[in-house]
Amino acid sequence: MQATSRIRQLPQNVVNQIAAGEIIERTASVVKELVENSIDAGASRIEVEIQQGGQDLIRVTDNGHGIYPEDLPLAMASHATSKLHSAEDLALVDTLGFRGEALASIGSVAKVVIQSCPHDLIQGGQIASDGERVSAPAPWNGSPGTRVEVRHLFFNSPVRRKFLKSPAADTAQISEILYRLILSRAHGTHASSDLHWVYRNNEKVVFQIPGGTGLVEKAALLFGKDFADELLPVEETVSGYRLTGFIGSPNLDQGSSRSQYFFLNGRWFRDKSVAHALQEGFKGHLMTGRFPVAFLFLDMAPEKVDVNVHPAKSEVRFREAGMVHHLVHNAVKKSLALLNPASRYSFPDKSPPAEGQLPASFPGPFSTPGTNQERQPFSLQSGPGPQNELPLPRLPFRQESTSTALPSWQSAISNLGQSQGAEVGSAESAISPIQQSWDSPLKAIQFFDSYILLETAEGVLVIDQHALHERVLYEQLKSRLQEGKVQKQKLLIPETIELPASVMSQVIENLDSFAELGFEIRGTGAKALLLDGIPAILGNKSPGDLFLAIVDHLYSKGAMPSRETLLHQVMSLTACHSAVRAGDKLTGTEMAMLAQMRHLSRSNYHCPHGRPTSLLIPKTDLERQFGRT
């Protein structure tokens, strides 16, 4: 047997380099570990300085408790920590770090100097590591606290250094890590929320954030005041779980989830279940492919969560994951239910404030606009809605001929919703219209046969006629579903619908859900269904084409939707294809009815697919643009 095949104990510096491969992925990982140590040390001021994206220099200075000179060698040893004393402590971790691996791992792949002085000593000590050897402690005459200097990361590992990103990319990642850490300390329940932050890049100050700065103010400094102005407060407590923070209004939607920050007991983390709950809470408020902004803080007893499941401690395991999902989902929906309906359009400011400047008087937590009445989020299991709501009116639809040809699975979808008539008909409404006089002057015009321009006390309101009518019809269906009063219309001649066998079985399993919304369906064979009845709201729309579109949308990904998802999607598509369309000319009465509808829907500011239904151009902005103010 060759000597190289024998089992041997690895040298400690090799063990540390292996550990560094898990903990230290790039320069941002070093910054994260060092700053977390400073926070755990009770610092009230932390300064971070980098050069060349941290590849040449990372220096973190704090005024925390400090390290006694005789303990400095232990600081560079693996699995040496002041934060744990027994295995039982792992279940009660309330610090950001606890494994005692970071400094040893960093010291094995970089040149490190640690200088520290406790507050009760006149003189502190310093220690250095060159990647293999650790020096003996030496005296250091510095201010109380700790300074850690890391130079030339991966200098002794050419392969790892070759795979470092560019300095610009590493700088961006370090900034993101600092954003997470700074925002995590904006939560009032944590003593370190009064931290003063200083960040320098290549000897230039990037930002300074004074201690005591609130979350909204920090968001204004880091992301801009316009960003912070769109934040909505969130707060919910259930069975020992507490959620606080802010979500962005739908106007602040993003193309990715990068602006979602989740914190657990003051620690940033990522979790698919929490992200899903957030996205579900925004359902109907955002367009497909768009993501909400969120700064959410979860607080719970340490024994309710395991934070020791990931090398970088960025993932956690909840004991009651379903409870956490429910908490986030409900809190988000409650916050959005109080949102002002109209999106606001602002003209570009002619004299923007200096970059990074915080206004002298920045608003505190936002008050709820528009109403003081608490609104409960809609739930498909929640029972009847408010009884004092007016019945939702319905605009006449264009007459469409119903095709008697057998709709095919592949071709019918592309022909869905094509108007066959040219005039607005007088189809009988399934819901009684509002009994109200329209004699009052209404300054409204239609343009592009798609939008309604309306004068209001606040300014000019632009309404998307299709999006608003779609939302109203969706709310109408939802209300009738809650009350168990969805009106149905029998077809004189049942329509035969052919479906692939794989889809057919899934539709059959959900016949009860379709029936709740007014679709009466019978199975006639392995590939065919009979459509006997439809929701009365469809009027003269082609029921076969609509049903095919619904089925195609629901099952195109091959996954069985939940009952709630199925009902939401069916209601959304039914409302979409039943509403007036862009290109439909409306009479003055119809415009008046549609304008009034925006006051009757609970969530009238976005259609069920997430598009805004109206846009408000404030009068003050118009006056400013025309030089009247």
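The values are calculated or read from the model by the stated rules, or taken from the named source; none is laboratory data. As the structure is a computational prediction, the values presented were derived from the model and not from experiment. Please note: Cβ atoms are built from the backbone with ideal geometry, for glycine as well, and neighbour counts cover all protein chains shown.
Residue-by-condition table, conditions (1) surrounded by 17 or more Cβ atoms within 10 Å (Cβ to Cβ); (2) among the hydrophobic types (A, V, I, L, M, F, W, C); (3) out of contact with any His (no Cβ under 8 Å at 6 or more places or on another chain); (4) at pLDDT below 85:
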site	(1), (2), (3), (4)
Pro118	yes, no, no, no
Arg147	yes, no, yes, no
Val150	yes, yes, yes, no
Ala168	no, yes, yes, no
Ser175	yes, no, yes, no
Leu181	yes, yes, yes, no
Gly188	no, no, yes, yes
Ala191	no, yes, yes, yes
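The residues of the range 291-336 that are under 19 Å from Arg180 (Cβ atoms), at pLDDT 90 or above and aliphatic (A, V, I, L, M), listed by number, are Val293, Ala294, Leu296, Leu298, Val328.
In the range 220-237 there is at least one residue that is among the polar types (S, T, N, Q) and within 30 Å of Lys478 (Cα to Cα). Within the range 99-151, the set of residues being within 13 Å of Gly66 (Cβ to Cβ), among the hydrophobic types (A, V, I, L, M, F, W, C), outside any strand (DSSP E or B) and touching a residue at least 40 places away in the same chain (Cβ under 8 Å) comprises Leu121 only.
Look at Ile39 and say whether it is in contact (Cβ under 8 Å) with a residue 24 or more places away in the chain, touching a Phe, Trp or Tyr at 6+ places or on another chain (Cβ under 7 Å) and either assigned by TED's automatic domain parsing to the domain that holds Ala128 or buried (at least 19 other Cβ atoms within 10 Å of the Cβ) (or both). Answer is no for this residue.
Right, Thr629: without any contact (Cβ under 8 Å) to a residue 24 or more places away in the chain, among the β-branched types (Val, Ile, Thr) and exposed (fewer than 15 other Cβ atoms within 10 Å of the Cβ) or not?
It is true that Thr629 is without any contact (Cβ under 8 Å) to a residue 24 or more places away in the chain, among the β-branched types (Val, Ile, Thr) and exposed (fewer than 15 other Cβ atoms within 10 Å of the Cβ).
Taken over the range 44-59, residues that are of a type in the set (A, V, I, L, M) and surrounded by fewer than 23 Cβ atoms within 10 Å (Cβ to Cβ) amount to 1. Of the strands (runs of 3 or more DSSP E) that lie entirely inside the range 246-312, those containing 3 or more residues that are in contact (Cβ under 8 Å) with a residue 24 or more places away in the chain and touching a Gly at 6+ places or on another chain (Cβ under 8 Å) span 294-299.
Evaluate the following for Leu57: is it among the hydrophobic types (A, V, I, L, M, F, W, C) and at pLDDT below 95? Against the criterion (among the hydrophobic types (A, V, I, L, M, F, W, C) and at pLDDT below 95), Leu57 does not qualify. Against the criterion of being part of a helix (DSSP H, G or I), more than 27 Å from Gly281 (Cα to Cα), touching a residue at least 24 places away in the same chain (Cβ under 8 Å) and in the same structural domain as Glu516 (by TED's automatic domain parsing), Met593 qualifies. Picking from residues in the range 529-547 that are of a type in the set (A, V, I, L, M, F, W, C) and modelled with pLDDT of 80 or more, the one that is nearest to Arg471 (Cα to Cα) is Ala536.
Could you check, for the range 215-236, whether at least one of its residues is modelled with pLDDT under 90, in a strand (DSSP E or B) and surrounded by 14 or more Cβ atoms within 10 Å (Cβ to Cβ)? No: the range 215-236 contains no residue that is modelled with pLDDT under 90, in a strand (DSSP E or B) and surrounded by 14 or more Cβ atoms within 10 Å (Cβ to Cβ).
For the range 152-180: of the residues being assigned to a loop (DSSP other than H, G, I, E, B) and small (Gly, Ala, Ser), which is farthest from Val31 (Cα to Cα)? Restricting to residues being assigned to a loop (DSSP other than H, G, I, E, B) and small (Gly, Ala, Ser), the top hit is Ser157.
Return yes when Leu622 is of a type in the set (A, V, I, L, M, F, W, C), in a helix (DSSP H, G or I) and not assigned by TED's automatic domain parsing to the domain that holds Leu477 and no when it is not. In short, yes.
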